[in-house]
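Colleague: Would you mind keeping the following structure in view while I ask a few things?
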Amino acid sequence: MKMYQVDAFTQELFKGNPAAVIVLDEWLDEQLMQNIALENNLSETAFVKKQDAENYQIRWFTPTTEVDFCGHATLASSYVLFKFYTQAKQIQFHVKNLGIFTVQQAADGKILMNFPVRKATLVTEYPDELTQALSQPFKNVYLNAQAYIVEYASAQQVLDEKPNFEILKRLGKIRTAITALGAIIDVAITAQGAEYDCISRYFAPGNGINEDPVTGSIHTGIVPIWAEKLNKNEILAYQASERGGVLHCVMQENDRIEISGYGRLYMQAEIVIE
């Protein structure tokens, strides 16, 4: 069984967020898919089931559980499909409970993904675990279907945050994102030295991932916050994990958002399952 590993949201190998991708004609047994994801021990392993050259179903597994949405593994899957499986320049993923994700590939290889916005609401009541687990003071807390999104006063606070993962784990499947207004991030950190509109980090210890390197899905909640605050539709986002990654985001009509980035193929492998 062929498997690919792609670094997503980066043009540089060993940066961005690595995801494994397996393209199937029929779904594997669910426990087998979970075991493969555990064996890979990446933030996500994506399983893609082909319907035709332009239509696919997709499922995502962390090392411990199946999740309902993953952006970086969608980018990785799109990269693999465009490179090895289809001549089309536009494909559609049919996603349980989230509808259709339309994905295009630009001439320079950039992957443009159309997602539903997962709007976050400002909340005044939130679990004590957030205050206990986060070492930096924060301004606001938002909540969407995926995570608490915690706003800090400065980008430096996001960089300096050292959360207590054991406490965050008590939140269960609800993850935690931290974000602040962007800044000119040092070249030594990003290898690019760009000025970003927002900066973030993302923690999901309840899903077997202490810190996710780059998270497309949570930016469907983070970007609308900053788009409104900054009164602009195009947002350049940087996720400030150790590996780091850049997300080009555009707010669109009908509660949709385009999130785009690059991928870099790291590995092709053959899985041996007796």
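The values are calculated or read from the model by the stated rules, or taken from the named source; none is laboratory data. Model, not experiment: these values are computed from the prediction. Cβ coordinates were reconstructed from backbone atoms using ideal geometry, including for glycine residues, and neighbour counts include every protein chain displayed. To get the accessible areas, we keep the full protein, side chains included, count just its heavy atoms, and leave off ligands, DNA and RNA. Shrake-Rupley method; radii C 1.70, N 1.55, O 1.52, S 1.80 Å.
Colleague: Can you name the residue in region 24-76 that is among the aromatic types (Phe, Trp, Tyr), within 21 Å of VAL272 (Cα to Cα) and surrounded by 15 or more Cβ atoms within 10 Å (Cβ to Cβ) and is also farthest from the chain's Cα centre (by Cα) among such residues?
Modeller: Going through the qualifying residues, I end up with PHE47.
Colleague: Kindly list, by first and then second residue, each pair from a residue in region 130-143 that is farther than 24 Å from LYS229 by Cα to a residue that is open to solvent by 60 Å² or more (accessible area, probe 1.4 Å) and not charged (D, E, K, R), limited to pairs with Cβ atoms under 8 Å and residues at least 6 apart or on different chains.
Modeller: Note: pairs meeting the criteria are GLN132/ASN164; ALA133/ASN164; SER135/ASN164.
Colleague: Can you tell me how many residues within region 128-154 are in a loop (DSSP other than H, G, I, E, B) and either buried (at least 17 other Cβ atoms within 10 Å of the Cβ) or of a type in the set (Lys, Arg) (or both)?
Modeller: Total meeting the criteria: 7.
Colleague: Further question: Among the residues of region 77-104, which ones are outside any strand (DSSP E or B), surrounded by fewer than 13 Cβ atoms within 10 Å (Cβ to Cβ) and touching a strand residue (DSSP E or B) at 6+ places or on another chain (Cβ under 6 Å)?
Modeller: Passing the criteria: only LYS89.
Colleague: Between a residue in region 150-167 that is more than 17 Å from TRP226 (Cβ to Cβ) and any residue that is open to solvent by 50 Å² or more (accessible area, probe 1.4 Å) and in a loop (DSSP other than H, G, I, E, B), which pairs come within a Cβ distance under 8 Å, given they are 6 or more apart or on different chains?
Modeller: From region 150-167, the pairs are ASP160/SER135; GLU161/SER135; LYS162/SER135; PRO163/SER135; ASN164/SER135.
Colleague: I've got another one for you. Where the second residue is among the small types (Gly, Ala, Ser) and not in a helix (DSSP H, G or I) and the first is over 14 Å from ILE271 (Cα atoms) and lies in region 34-45, which pairs have Cβ atoms under 8 Å and are six or more apart or on separate chains?
Modeller: LEU42/ALA19; LEU42/ALA20; SER43/ALA19; GLU44/ALA19; GLU44/ALA20
Colleague: Would you please list the contacts, defined by Cβ atoms under 6 Å and residues six or more apart or on different chains, that run from a residue in region 195-219 that is touching a residue at least 60 places away in the same chain (Cβ under 8 Å) to a residue that is surrounded by fewer than 21 Cβ atoms within 10 Å (Cβ to Cβ) and part of a loop (DSSP other than H, G, I, E, B)?
Modeller: So the pair list comes out as ASN207/THR65; GLY208/PRO63; GLY208/THR64; PRO213/SER241; PRO213/ARG243.
Colleague: Further question: Can you find a residue in region 212-222 that is open to solvent by 10 Å² or more (accessible area, probe 1.4 Å) and farther than 26 Å from PHE14 by Cα?
Modeller: No, there is no match, as no residue in region 212-222 is open to solvent by 10 Å² or more (accessible area, probe 1.4 Å) and farther than 26 Å from PHE14 by Cα.
Colleague: Please enumerate the residues belonging to region 105-150 that are over 22 Å from GLU253 (Cα atoms), in contact with a Leu (Cβ under 7 Å, 6 or more places away or on another chain) and among the small types (Gly, Ala, Ser).
Modeller: Once the filter is applied, which keeps residues that are over 22 Å from GLU253 (Cα atoms), in contact with a Leu (Cβ under 7 Å, 6 or more places away or on another chain) and among the small types (Gly, Ala, Ser), region 105-150 yields only ALA133.
Colleague: Conditions: (1) of a type outside the set (Gly, Ala, Ser); (2) in contact (Cβ under 8 Å) with a residue 60 or more places away in the chain; (3) farther than 20 Å from LEU168 by Cβ. CYS70 meets all but one. Number of the miss?
Modeller: Here CYS70 meets the rest and fails (3).
Colleague: Only residues that are closer than 23 Å to VAL21 by Cβ and open to solvent by 20 Å² or more (accessible area, probe 1.4 Å): list them for region 223-245, please.
Modeller: GLU242, ARG243
Colleague: May I ask you to say which residue of LYS162, LYS169 is open to solvent by 60 Å² or more (accessible area, probe 1.4 Å) and in a loop (DSSP other than H, G, I, E, B)?
Modeller: None of the others qualify; the one that does is LYS162.
Colleague: Scan region 179-187 and tell me whether some residue there is within 15 Å of the chain's Cα centre (by Cα) and at pLDDT 95 or above.
Modeller: The answer is yes, given that some residue of region 179-187 is within 15 Å of the chain's Cα centre (by Cα) and at pLDDT 95 or above.
Colleague: Only one of (1) touching a Lys or Arg at 6+ places or on another chain (Cβ under 9 Å); (2) part of a strand (DSSP E or B) is not met by THR45, so which one is it?
Modeller: (1)
Colleague: I'm trying to understand the selection: among the residues of region 116-127, which are open to solvent by less than 50 Å² (accessible area, probe 1.4 Å) and within 22 Å of the chain's Cα centre (by Cα)?
Modeller: PRO116, VAL117, ARG118, ALA120, listed by residue number.
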